[in-house]
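Engineer: Take a look at this one; I'll ask things after.
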Amino acid sequence: MFVDILETPCTEEGKIKEYFGNKFEAAFICLFPFIECAKIPVSRFGTDDAPTNLEIFRNCKPVKWSEIVSKLALKSIGELDIGLRTCIHGLKKELCDEVLADKICALESQSIIEPWEGEVSPFIAFPFLNFLKAKGYGTVLCTNEFSAQIQKLPVGDILQDKTEIDFIQNIETEDEKILLSTHWDSHFSVLLSSEKLVREFISAYNIEGFFCDENTEIYWSLHNEIN
């Protein structure tokens with residue numbers, strides 16, 4: 001079932017809270033965990049037999065950015081963000097760090113792969129959907145970068161694997177009180193809602209990230225905002 005055109009895709013650049021017109025009290029950057037391939041061979045990723053998001057959620061282990069920062073002896077999650085953006089050719093050449101990108105790719109030898117950009121991580125999406133279900137939401141509005149329309153999906157169907165949610169960029173409640181929005185060239189989603197609700201979600205599911213202030217931009221790592 002499809003409904004109206006999406007009104008609030010994530011901004012491509014600039015200040016995050018300003019882009020959304022200060023409609024939401026709080027905005028939180030939900031960092032996409034790296035993926036430790038516990039029960040799924042690394043060789044399946046990036047193939048026609050790639051695991052679904054639900055398979056990844058059930059059979060792989062999330063690895064926090066802070067753990068990768070420590071493992072690679074980096075200075076900050078900002079540095080790691082630049083490395084990840086370099087991996088996907090998402091920065092101008094003079095801003096890239098090819099040495100760091102190589103180190104990130106080398107993690108594959110330890111069965112750890114980097115998160116992909118532009119769609120909600122399964123380690124964020126499924127906890128978020130469970131959270132919405134617990135709050136009484138039966139359906140959500142979803143879009144991806146390939147569709148100009150919003151798809152209205154039952155939360156239960158997604159959680160029970162009756163509806164695949166691959167390539168989803170944005171998940172919003174129909175009352176427009178909660179939005180999870182993903183920049184197409186970034187490895188995180190922005191959760192927008194009341195501060196109370198955001199804190200409740202990130203605490204309940206141990207979500208790694210940080211709150212945006214009025215000056216936080218999509219390319220926050222380039223402005224040395226977060227250490």
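The values are calculated or read from the model by the stated rules, or taken from the named source; none is laboratory data. Bear in mind that the values here come from a model prediction, so they are computed numbers and not experimental data. Cβ placement follows ideal geometry from the backbone for every residue including glycine, while neighbour counts extend to all protein chains displayed. Note: accessible area is taken over every heavy atom of the protein model, side chains too, but ligands, DNA and RNA are not part of it. Shrake-Rupley method; radii C 1.70, N 1.55, O 1.52, S 1.80 Å.
Yes or no, residue by residue, for (1) open to solvent by 50 Å² or more (accessible area, probe 1.4 Å); (2) of a type outside the set (K, R); (3) within 13 Å of F32 (Cβ to Cβ); (4) more than 15 Å from the chain's Cα centre (by Cα):
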position	(1), (2), (3), (4)
R85	no, no, yes, no
G90	no, yes, no, yes
E98	yes, yes, no, yes
V120	no, yes, yes, no
F128	no, yes, yes, no
F131	no, yes, no, yes
K177	yes, no, no, yes
L197	no, yes, no, yes
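Engineer: Considering only residues that are farther than 30 Å from F201 by Cα, aliphatic (A, V, I, L, M) and surrounded by 15 or more Cβ atoms within 10 Å (Cβ to Cβ), which ones fall in the range 100-118?
Structural biologist: If the condition is that a residue be farther than 30 Å from F201 by Cα, aliphatic (A, V, I, L, M) and surrounded by 15 or more Cβ atoms within 10 Å (Cβ to Cβ), then L100, A101 are the ones that fit.
Engineer: Further question: If only one of G78, G136 is touching a residue at least 12 places away in the same chain (Cβ under 8 Å) and either open to solvent by less than 60 Å² (accessible area, probe 1.4 Å) or over 16 Å from I35 (Cβ atoms) (or both), which one is it?
Structural biologist: Values: G136 fails: touching a residue at least 12 places away in the same chain (Cβ under 8 Å).
The match here is G78.
Engineer: Counting only residues that are farther than 16 Å from W65 by Cβ and of a type in the set (S, T, Y), which one in the range 199-218 is modelled with the lowest pLDDT?
Structural biologist: In this case the residue turns out to be T216.
Engineer: In the range 26-51, what residues are within 20 Å of the chain's Cα centre (by Cα), farther than 26 Å from S221 by Cβ and open to solvent by 40 Å² or more (accessible area, probe 1.4 Å)?
Structural biologist: The answer is A50, and nothing else.
Engineer: Right, another one. It is to be established whether one or more residues within the range 107-127 are of a type in the set (G, A, S), within 24 Å of V198 (Cβ to Cβ) and modelled with pLDDT under 90.
Structural biologist: So in the range 107-127, the residues of a type in the set (G, A, S) come out as 109, 111, 118, 121, 125.
Keeping just the survivors that are within 24 Å of V198 (Cβ to Cβ) gives 118, 121, 125.
Imposing the further condition that a residue be modelled with pLDDT under 90 reduces the set to 118.
Yes - at least one qualifying residue is present in the range 107-127.
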